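Scroll down for the structure; my scribbles are underneath it.
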Amino acid sequence: MALEEYQRKRDFSQTPEPPPKVGKGARRRFVVQMHRASRLHYDFRLEMDGVLKSWAVPKGPSLDPADKRLAMQVEDHPVSYFDFEGVIPPGNYGAGTVMVWDVGTWEPQGDAAEMLRKGDLKFRLQGKKLKGDFALIHMKARRPGSKGTEWLLIKHRDAYDQPGYDIEQYSHSVLTKRSLQEIASDEGSAEWTSGKNATRHGASSKDDWLAESIAKADAKKKTRVSKRNLGEAIAKPSAETNPTQTRASRARTSAGKVSPAAGVKKKAKVTPGD
Ligand code: MN
């Protein structure tokens with residue numbers, strides 16, 4: 001399983017996206033990227049066999065079991081796309097802004113390859129935003145000439161379902177806390193490259209991969225802020241789209257959850273499976 005289609009669609013001298021390289025190892029991470037291209041959508045990606053199996057979800061995932069979200073399967077992406085956040089310049093495939101909307105691990109509820117082949121993929125997510133049981137169901141082609149790429153992404157009922165879930169309440173990056181607009185207006189974003197360190201071996205904790213991605217994002221942020229005029233940095237809007245949770249409280253939450261290696265104690269009130 002290679003990444004020919006991913007490669008064919010892109011000019012890597014023009015886009016900051018990572019090169020097509022099939023990964024090793026059998027980790028099961030997932031990422032959801034919010035992507036404002038010609039149309040806003042969310043890219044849902046599951047790490048499987050050294051690549052990220054990918055679906056474009058126009059309305060984004062939902063925790064409401066009543067929502068059946070159309071998910072168009074797209075080309076496999078390289079595993080290093082996992083922490084890609086930034087701006088794809090105009091003229092390139094997928095030109096626009098990409099935010100790492102959620103990350104975590106996934107657990108197939110059966111044989112992953114077989115479920116994928118049969119078009120009935122059941123899995124459990126342990127992300128920062130998405131948790132619990134989901135299914136991706138392949139739909140029969142609805143019309144002649146259809147590419148057969150249409151799936152539905154559905155939340156199952158469990159302890160994590162949220163009737164009335166509104167994705168717009170969660171429009172911030174889990175890596176950098178930024179909104180799409182902040183990523184788009186940030187000069188540093190276009191230089192973002194996915195780091196090689198995130199896939200190194202011998203990690204001492206199962207959460208190291210996430211801690212590394214966030215540390216990398218933090219380092220990048222410092223560089224950006226120091227390049228910026230201080231007044232402008234302070235004037236940056238920080239309320240974003242969720243008025244009930246401040247930027248600072250989100251930052252504390254992230255630190256408590258993802259930095260066990262840094263000696264930060266987990267908060268007492270963690271949800272099961274967090
Ligand atoms: Mn996309």
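Pick from Asp49, Asp83, Asp43: which is acidic (Asp, Glu), buried (at least 23 other Cβ atoms within 10 Å of the Cβ), touching a residue at least 12 places away in the same chain (Cβ under 8 Å) and more than 14 Å from Leu136 (Cβ to Cβ)?
Asp83 is the lone residue from the list that is acidic (Asp, Glu), buried (at least 23 other Cβ atoms within 10 Å of the Cβ), touching a residue at least 12 places away in the same chain (Cβ under 8 Å) and more than 14 Å from Leu136 (Cβ to Cβ).
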Residue, surrounded by the fewest Cβ atoms within 10 Å (Cβ to Cβ), within region 100-125, restricted to residues that are within 16 Å of the ligand (Cβ to nearest atom) and farther than 21 Å from Lys21 by Cα:
Asp102
Just one listed residue, out of Gly50, Gly91, Gly25, Gly60, is out of contact with any Leu (no Cβ under 7 Å at 6 or more places or on another chain), within 13 Å of the ligand (Cβ to nearest atom) and not charged (D, E, K, R), and it is Gly60
Report, by residue number, each residue of region 28-47 that is within 14 Å of the ligand (Cβ to nearest atom) and basic (Lys, Arg).
Arg36, Arg39, Arg45
Can you tell me which condition Met72 does not meet? The list is (1) surrounded by 16 or more Cβ atoms within 10 Å (Cβ to Cβ); (2) within 16 Å of the ligand (Cβ to nearest atom), and all the others hold.
(1)
Filter pass, Thr149 being in contact with a strand residue (DSSP E or B) (Cβ under 6 Å, 6 or more places away or on another chain) and either loosely packed, with under 15 Cβ neighbours inside 10 Å or modelled with pLDDT under 95 (or both):
yes
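Yes/no matrix, rows are residues, columns are (1) part of a strand (DSSP E or B); (2) in contact (Cβ under 8 Å) with a residue 60 or more places away in the chain:
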{"residue": "Phe123", "(1), (2)": "yes, yes"}
{"residue": "Phe134", "(1), (2)": "yes, yes"}
{"residue": "Ile137", "(1), (2)": "yes, no"}
{"residue": "Arg142", "(1), (2)": "no, no"}
{"residue": "Lys147", "(1), (2)": "no, no"}
{"residue": "Trp151", "(1), (2)": "yes, yes"}
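The values are calculated or read from the model by the stated rules, or taken from the named source; none is laboratory data. Keep in mind it's a predicted model, so treat the numbers as computed, not measured. Don't worry about glycine lacking a Cβ; one is built from the backbone with ideal geometry, like all the others, and counts go over all protein chains shown.
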